[in-house]
Amino acid sequence: MGLLIEGVEDASALATLGLQPGDRLLAIDGLVPRDVIDLQVELPDARQIVVEGADGRRRTLEPGAELDPSALTLREAVPGGIRECNNHCEFCFIRGLPTGLRSSLYVFDDDYRYSFLWGNFLTLTNLDEADWARIGYQRLSPLNVSVHATDPQVRRRLLNNRHAPDVLPQLQRLAQLGIAVNAQVVLCAGLNDGQILTRTIDDLAGVYPTVQSVSVVPVGLTRFSKVKHIRRPTPDEARVALEECERWQAALRSKLGQGFVYASDELYVLGGRDEVPSSAAYDGFPVLSNGVGLLRSMLDDWRTLLERPFARPLPCQVAWLTGRLAAPALERMADDWQTRTGWRPQVVVVENDFFGNEVSVSGLLSGADLIRTLHGLSHDIEDVVLPRGPFGFDGRQTLDGVSAEDVGGAHPGRVHLASTPRELLDILTVRSTRHGKVSG
């Protein structure tokens, strides 16, 4: 019962109040907190807090000022485990994983709490009335919703769930509760493209401003995926979908004041586009974490950094490793660097043999593929930069269980991790002296 505290920020009001690691937070103003959401909602204005120490003794604390929930770290942000999915989508990425990877990768997540807290996508197919009541009462907004299609039969086919409710009434119910939504369409060729995509965008635009954006992302299948009816769009089909999104953008921008529907970076690359849209086309990048506008944001951030004064290093041999998706943007960034300094980093694409060549994002590169690519690099390269994404949130291990140290040991040069233009610039201008290790 209650929430186990793992850490308390030094000098915070909560530390001054007497909370410490190992305490269990039992009640806030008489209410038992279920998870970190309750903590965020109830703690700032709390008048009375009941905690139980590691020794089992209870004490009541009475704050005299507003409390900051971010000063606390919990052992489990959402105790009791994640709400799992009740759908059986053929294209589910988890179903396209081989055995033997990290156990956390095999969790079929479809939890509205995780959507609110961390931006995960959910389908709204497993909510009961208590869930709806909590979403409304605590204003858990925004939520990210995988719509895929507003045609009920098409959506049920995509979700492989004949009991999936019609999504439009659910979105309208969220509207009544004051909850904002970022919607997603995973584009499956021959199923939810063409006229179905047109209808979906039209229907979702009708629920604006509750539905604030629609991102269109091509389905990603691994070589382990077992699919019967799902197919990735061809380059021609991707171009047609892009043109449809752009037609809607133009129409909706004049009507709603924003583009509303945004094609993912991957759809642009799949469709053979040489350039992604300008930053203005993304209206503040509402779904950057879904791979929509990430390349444009990266390019703009890089060029802004290069306009500022920085220490120009002497020429050296540098290699930037990347998945295929980000390679065109990194090539442009390397060109920009050459224009400013007279020398150029080498961009090296890591082919995804582990999952298959349809998986192009850097975050899904395996340790085996990174090591293979590092072994193939010239030993003359002094600094190698790896994308941080493959090593997870803690930067320790790839999906196939290879440590950052083992990957770094595959090349004699200095090996770094980076995920932002700022980090790339720092590596170029102030390179680490640690040899054979992964830094950053």
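The values are calculated or read from the model by the stated rules, or taken from the named source; none is laboratory data. Computed from a predicted structure; not experimentally measured. Because the Cβ atoms are built from the backbone with ideal geometry, glycine has one as well, and the counts that use them run over all protein chains shown. The accessibility values were calculated without ligands, DNA or RNA, using every heavy atom of the protein model including side chains. Shrake-Rupley method; radii C 1.70, N 1.55, O 1.52, S 1.80 Å.
List pairs: first in region 53-77 and among the acidic types (Asp, Glu), second outside any loop (DSSP other than H, G, I, E, B) and open to solvent by less than 40 Å² (accessible area, probe 1.4 Å), Cβ under 8 Å, 6+ apart or cross-chain?
Glu62/Ile49; Asp68/Leu14; Glu76/Leu3
Looking at (1) under 22 Å from the mean Cα position of the chain (by Cα); (2) open to solvent by 30 Å² or more (accessible area, probe 1.4 Å), find the lone condition where Arg47 falls short.
Of the numbered conditions (1) under 22 Å from the mean Cα position of the chain (by Cα); (2) open to solvent by 30 Å² or more (accessible area, probe 1.4 Å), the odd one out for Arg47 is (1).
So, Ala404, is that one touching a residue at least 24 places away in the same chain (Cβ under 8 Å), surrounded by fewer than 21 Cβ atoms within 10 Å (Cβ to Cβ) and either over 20 Å from Asp353 (Cβ atoms) or not β-branched (Val, Ile, Thr) (or both) or not? Before you say what the answer is, go through the steps one by one.
Values: touching a residue at least 24 places away in the same chain (Cβ under 8 Å): yes; surrounded by fewer than 21 Cβ atoms within 10 Å (Cβ to Cβ): no; either over 20 Å from Asp353 (Cβ atoms) or not β-branched (Val, Ile, Thr) (or both): yes.
When the stated conditions are applied, Ala404 does not pass them.
Would you say Gly284 is out of contact with any Pro (no Cβ under 7 Å at 6 or more places or on another chain), within 22 Å of Arg422 (Cα to Cα) and loosely packed, with under 15 Cβ neighbours inside 10 Å? Even if it seems obvious, please write down each step before you answer.
Values: out of contact with any Pro (no Cβ under 7 Å at 6 or more places or on another chain): yes; within 22 Å of Arg422 (Cα to Cα): yes; loosely packed, with under 15 Cβ neighbours inside 10 Å: yes.
When the stated conditions are applied, Gly284 passes them.
Only residues that are open to solvent by less than 20 Å² (accessible area, probe 1.4 Å), aromatic (Phe, Trp, Tyr), within 22 Å of Gln397 (Cβ to Cβ) and assigned to a loop (DSSP other than H, G, I, E, B): list them for region 313-366, please.
Phe355
Would you confirm whether or not region 214-226 contains a residue that is surrounded by fewer than 23 Cβ atoms within 10 Å (Cβ to Cβ) and under 30 Å from Arg139 (Cα atoms)?
Filtering region 214-226 for residues surrounded by fewer than 23 Cβ atoms within 10 Å (Cβ to Cβ) gives 217, 220-226.
Subset that is under 30 Å from Arg139 (Cα atoms): 217.
Yes, region 214-226 has at least one match.
Find the residue count for region 21-37, including only residues that are more than 14 Å from Leu4 (Cβ to Cβ) and assigned to a helix (DSSP H, G or I).
Adding up the residues that qualify gives 1.
Output the number of the condition that Asp400 fails; it satisfies all remaining conditions of (1) within 30 Å of Tyr106 (Cα to Cα); (2) modelled with pLDDT of 95 or more.
Every condition holds for Asp400 apart from (2).
Taking Leu242, is it open to solvent by less than 60 Å² (accessible area, probe 1.4 Å), free of Cβ contacts under 8 Å to residues at least 40 places away in the same chain and part of a helix (DSSP H, G or I)? Steps first, please.
Working: open to solvent by less than 60 Å² (accessible area, probe 1.4 Å): yes; free of Cβ contacts under 8 Å to residues at least 40 places away in the same chain: yes; part of a helix (DSSP H, G or I): yes.
It is true that Leu242 is open to solvent by less than 60 Å² (accessible area, probe 1.4 Å), free of Cβ contacts under 8 Å to residues at least 40 places away in the same chain and part of a helix (DSSP H, G or I).
Before we move on, is Ala183 out of contact with any strand residue (DSSP E or B) (no Cβ under 7 Å at 6 or more places or on another chain) and open to solvent by less than 10 Å² (accessible area, probe 1.4 Å)? Outline the logic, then answer.
Values: out of contact with any strand residue (DSSP E or B) (no Cβ under 7 Å at 6 or more places or on another chain): no; open to solvent by less than 10 Å² (accessible area, probe 1.4 Å): yes.
Answer is no for this residue.
Do you know which of the residues in region 253-269 that are part of a helix (DSSP H, G or I) and more than 15 Å from Leu197 (Cα to Cα) is most open to solvent (accessible area, probe 1.4 Å)? Outline the logic, then answer.
Taking region 253-269 as the starting set, the residues that turn out to be part of a helix (DSSP H, G or I) are 253-256, 265-269.
Now narrow it down to the ones that are more than 15 Å from Leu197 (Cα to Cα): 253-256, 265-266, 268-269.
Values: Arg253: 83, Ser254: 101, Lys255: 160, Leu256: 41, Asp265: 4, Glu266: 30, Tyr268: 12, Val269: 58 Å².
Result: Lys255.
Give the residue, chosen from Asp300, Asp236, that is at pLDDT 95 or above, surrounded by fewer than 17 Cβ atoms within 10 Å (Cβ to Cβ), under 23 Å from the mean Cα position of the chain (by Cα) and assigned to a helix (DSSP H, G or I). Break it down stepwise before answering.
On the way: Asp236 fails: under 23 Å from the mean Cα position of the chain (by Cα).
Selected residue: Asp300, the only one of Asp300, Asp236 that is at pLDDT 95 or above, surrounded by fewer than 17 Cβ atoms within 10 Å (Cβ to Cβ), under 23 Å from the mean Cα position of the chain (by Cα) and assigned to a helix (DSSP H, G or I).
Taking Pro63 as the residue in question, decide whether it is of a type outside the set (Ser, Thr, Tyr), surrounded by 13 or more Cβ atoms within 10 Å (Cβ to Cβ), within 21 Å of Asp131 (Cβ to Cβ) and touching a strand residue (DSSP E or B) at 6+ places or on another chain (Cβ under 9 Å).
So Pro63 does not fit the description; no.
Among (1) free of Cβ contacts under 8 Å to residues at least 60 places away in the same chain; (2) closer than 20 Å to Leu295 by Cβ; (3) not aromatic (Phe, Trp, Tyr), where does Val261 come up short?
(1)
Identify, please: which residue in region 4-20 is open to solvent by 40 Å² or more (accessible area, probe 1.4 Å) and outside any loop (DSSP other than H, G, I, E, B) and is, among those, nearest to Arg83 (Cα to Cα)?
Going residue by residue through region 4-20, those that are open to solvent by 40 Å² or more (accessible area, probe 1.4 Å) are 4, 6, 9-11, 13, 16-17, 20.
From the residues that got through so far, the ones that are outside any loop (DSSP other than H, G, I, E, B) too are 4, 6, 13, 16-17.
Numbers: Leu4: 20, Glu6: 23, Ala13: 33, Thr16: 35, Leu17: 34 Å.
Ranking the candidates gives Leu4 first.
Looking at (1) within 21 Å of the chain's Cα centre (by Cα); (2) among the polar types (S, T, N, Q); (3) under 22 Å from Gly271 (Cβ atoms), which is the one condition that is false for Thr200?
Tallying (1) within 21 Å of the chain's Cα centre (by Cα); (2) among the polar types (S, T, N, Q); (3) under 22 Å from Gly271 (Cβ atoms), Thr200 fails exactly one: (1).
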